[in-house]
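Encoded as structure tokens, the structure appears first; notes follow it.
All of the numbers you see were taken from the coordinates with simple rules; none came from a lab. Just so it is clear, the structure is predicted and the values come from calculations on it, not from any experiment. Note: ideal-geometry Cβ built from the backbone for every residue, glycine included; neighbour counts use all protein chains shown.
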Amino acid sequence: MAFKLIKMNCRLCSGHDLSLFYIQGDHDQFKYYRCKICGLVNLDLNSVRITETQQKYADRFRPPPDYEKERGARDAFKFASKYINCKTGSYLDIGCGSGSVLYFFKKAGWKVKGLELSPVFAEHVKKALDIDVRVSNFLDYGIPEEKYDLVSLRHVLEHLPDSNLAMRKISDLLTDDGYAHFEFPNIKSLSHRLQRFRNKFRFIRKKYKPGYAPGHCNEFSKRSFKFLLNKTGFELVRWETYSFKPVPDLIYNNLHFGTKARAIVRKKS
């Protein structure tokens with residue numbers, strides 16, 4: 001794969017020293033470029049109708065048969081609870097989906113609300129869990145009516161074109177010294193490195209279905225995520241990668257080369 005410079009500004013730091021990082025699509029039409037200044041991996045948005053491709057995530061409605069058995073949600077609750085200084089408080093889950101994380105926070109005594117792009121998901125959470133969910137695109141979300149002690153974005157940040165705007169909106173939602181909880185893919189993971197290596201060779205590279213289009217606008221590593229935090233008035237409390245399997249999870253929590261990352265950050269006073 002050739003790494004050539006292009007005329008494109010990074011969406012995180014506005015730098016223009018970017019090089020081709022990897023390619024997706026059945027015709028190699030979707031290109032991601034890494035910024036040498038902040039490390040963010042930017043999708044060239046000129047190659048995709050991003051609003052349309054994001055809709056496929058909102059349409060994936062699968063209500064959980066048993067909230068107690070939703071391990072990803074339970075682990076997210078335990079992770080957030082471990083690294084924040086409050087046992088209960090007010091909590092907002094942005095992109096709450098079927099409400100699995102909201103379920104665990106409500107059970108623990110938190111005052112909870114959700115924000116969700118899909119009206120179908122939102123209606124399900126209201127009926128199944130008796131939790132208020134506002135239907136809105138987060139980046140279009142207006143002035144918040146109240147402040148929260150903790151806000152979650154689980155596998156949401158990478159789908160938002162403007163990460164800086166997202167963090168400013170999160171800051172407006174939080175109380176002084178409030179926390180935010182993030183989960184997203186780790187672009188520096190071992191699996192991503194192996195996939196990029198495979199894609200250099202024609203016969204072992206990943207095959208894409210016709211009509212495939214990416215949904216991730218920006219891909220983060222610890223370096224680029226910390227750059228975002230420093231730029232927008234947050235500090236990193238905890239960063240780790242994780243797995244749903246016990247042994248790899250223990251390794252990834254400490255060595256940080258897992259495919260998925262999670263972080264707790266705190267708003268600076």
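Some notes on this structure:
- Helical mean residue ellipticity (222 nm; -39500 (n - 2.57) per DSSP H run of 4+; nearest 500) of the chain: -9000 deg cm²/dmol
- Scanning the chain for DSSP H helices at least 24 Å long along the axis (C-alpha atoms) with a Kyte-Doolittle mean no lower than 0.0 picks out nothing.
- Charge dipole magnitude, Cβ of K and R +1, D and E -1 - the chain, Cα centre, debye nearest 20: 1200
- Look at [x] 74, 50, 34; [y] 51, 45, 38; [z] 53, 41, 40: the one that is Cα extents along the principal axes in Å derived from this structure is [z].
- Cys residues of the chain counted as unpaired, since no other Cys beta-carbon is under 4.7 Å: Cys86, Cys96, Cys217
- Overall, the anisotropy analysis places region 175-254 in the prolate class: the square-rooted eigenvalues a ≥ b ≥ c of its C-alpha gyration tensor yield a/c not less than 1.5, with a/b exceeding b/c.
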